[in-house]
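Accompanying notes for the structure given below.
Please treat every number below as a calculation from the coordinates, not as lab data. Owing to the predicted nature of the structure, the values given are computational and were not obtained by experimental measurement. Here the Cβ is made from the backbone with ideal geometry for all residues, glycine too, and neighbour counts use every protein chain on show.
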Amino acid sequence: MMKKHSVTLIVLVTALVFITVGLGHAADKPIKWKGQGCFGLATPLGKQTIVLWKEYIDKMSGGRMVIELHDAGEIVPPTKIYDAIRDGLLDFGMNTPAWQKGKYLAGDLFYTLPAGVLEFNDLIIWMYAGGGKELEQEMYKEELIVFPLGLTPPEEVWSKRPIKTLKDIKGLKIRAAGLSMELWEKLGAKVVLLPGGEVVPGLQRGLIDAAEYLEASQDYTLGLHEVCKYRFGPPVHMSNNIFQLLIKTKSWKELPADLKVIVENAALAATFQGYARFWMDTIEFNKKIEKYGTKTTKLSQKDQAECRKLTMEILEEKSKKDPFFAKVWKSQREFIKSYKPYYDLTKFD
């Protein structure tokens, strides 16, 4: 009898050990997420944004999260990333709020604003501490989770003819996106919608005679300096670009609290580290552009002020058409009003 009980006890202990070990292995099993970037992973826009975010996740999670990151277009077209995450095909992805313009008019406000209305410092403070990222999440509601991810230096505008004043913009056929489309039209230009890969061929064929794309490193890599003799600034079409990390709501809710913190803070770290590296590349590639012989001009303060005036008109016009656009623009406008006095006091002329 004693022997029988001993055997039973051994069986029970052995079973308990297997169950415990099994649960331990289950608990140690990493969480796997599948996603895609909207820009080539080998390009500056990929390397300094979502690739960097993945690297931080790998290191910060200690292997508890496995990020399966696919290249642009590998699973879905870049413009369909939002839909793929919302519909559950992907766990995450990166794109620009401007691509949701057809569904959410206010998307342009989280991307950038023309004519220096909301410049880099303004945008960052408003986004991270002035209610910007909370409003961006409110825009998407429960469809998906969103965090800022990826920031680029200011751009220039490339042209096949010299642009020295706003008068020179009239009749210009320009590739543009976002709120700047309305600004270019008010300035007398004709906006042509083209994907990034078609910009250089479009310039070569005469489909367009000007384009905005990105900063110096990406512009040079694309070859804009080879098809355009001129570029002009400041970037009246947009001060800078800030992109977004989109996450499937279900995938986010299933994450442990500490991994949620890691995912969010990895995006923050990647955004600022990537921005610094982007700038270093921009500096070097700008030298190459100048050495190549590209002629650069700058609009006068008077012309810049006119662009800002027109942008304000556009923002007010759109606010009348969409309540949420009006809500976000009001938040930005009030932030600028409270921020500028001290900023102007401390900046050097």
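Couple of notes before you dig in:
- Restraint check, Lys167/Lys320; Lys141/Lys309; Lys32/Lys54, Cα-Cα greater than 23 Å: Lys167/Lys320; Lys141/Lys309
- Dipole magnitude (debye, nearest 20) for the chain, charges at Cβ of Lys, Arg, Asp, Glu: 220
- Taking the C-alpha atoms only, the angle from helix 323-346 to the longest principal axis of the chain is near 70 degrees.
- Charge dipole (Cα centre; +1 on Lys/Arg Cβ, -1 on Asp/Glu Cβ; no other charges) of segment 288-349 amounts to roughly 160 debye.
- Label corresponding to P(r) over Cα pairs in 10 Å bins from 0, in percent when calculated from the structure given, among (i) 5, 22, 30, 22, 9, 4, 3, 2, 1, 1, 0; (ii) 5, 19, 24, 24, 17, 9, 2, 0; (iii) 6, 26, 33, 23, 10, 2, 0: (i)
- Over the chain, dividing the summed -39,500 (n - 2.57) contributions of all DSSP H runs of at least 4 residues by the number of residues returns a 222 nm mean residue ellipticity of -16000 deg cm²/dmol.
- Footprinting exposure proxy for His70, His237 (fewest neighbouring C-beta atoms within 10 Å first): His70, His237
- Each Lys and Arg contributes +1 and each Asp and Glu -1, all at the Cβ; summed about the Cα centre of segment 240-341, the dipole is approximately 220 debye.
- Loop-located GluC sites (Glu not before Pro) in segment 107-170, at most 10 other Cβ atoms within 10 Å (DSSP): Glu142
- Compared with the dominant principal axis of the Cα atoms in the chain, helix 120-129 is inclined by about 30°.
- Alpha-carbon centroids, segment 285-349 and segment 108-180: separation in whole Å: 9
- Restriction of the chymotrypsin sites (Phe, Trp or Tyr not before Pro) in segment 116-206 to DSSP coil positions whose beta-carbon has at most 12 other beta-carbons within 10 angstrom yields no sites.
- Along segment 157-169 the Karplus relation, 6.51 cos²θ - 1.76 cosθ + 1.60 evaluated at θ = phi - 60°, assigns HN-Hα couplings of 10, 9, 8, 8, 9, x, 10, 10, 9, 5, 4, 6, 7 Hz to successive residues, with x for each Gly and Pro.
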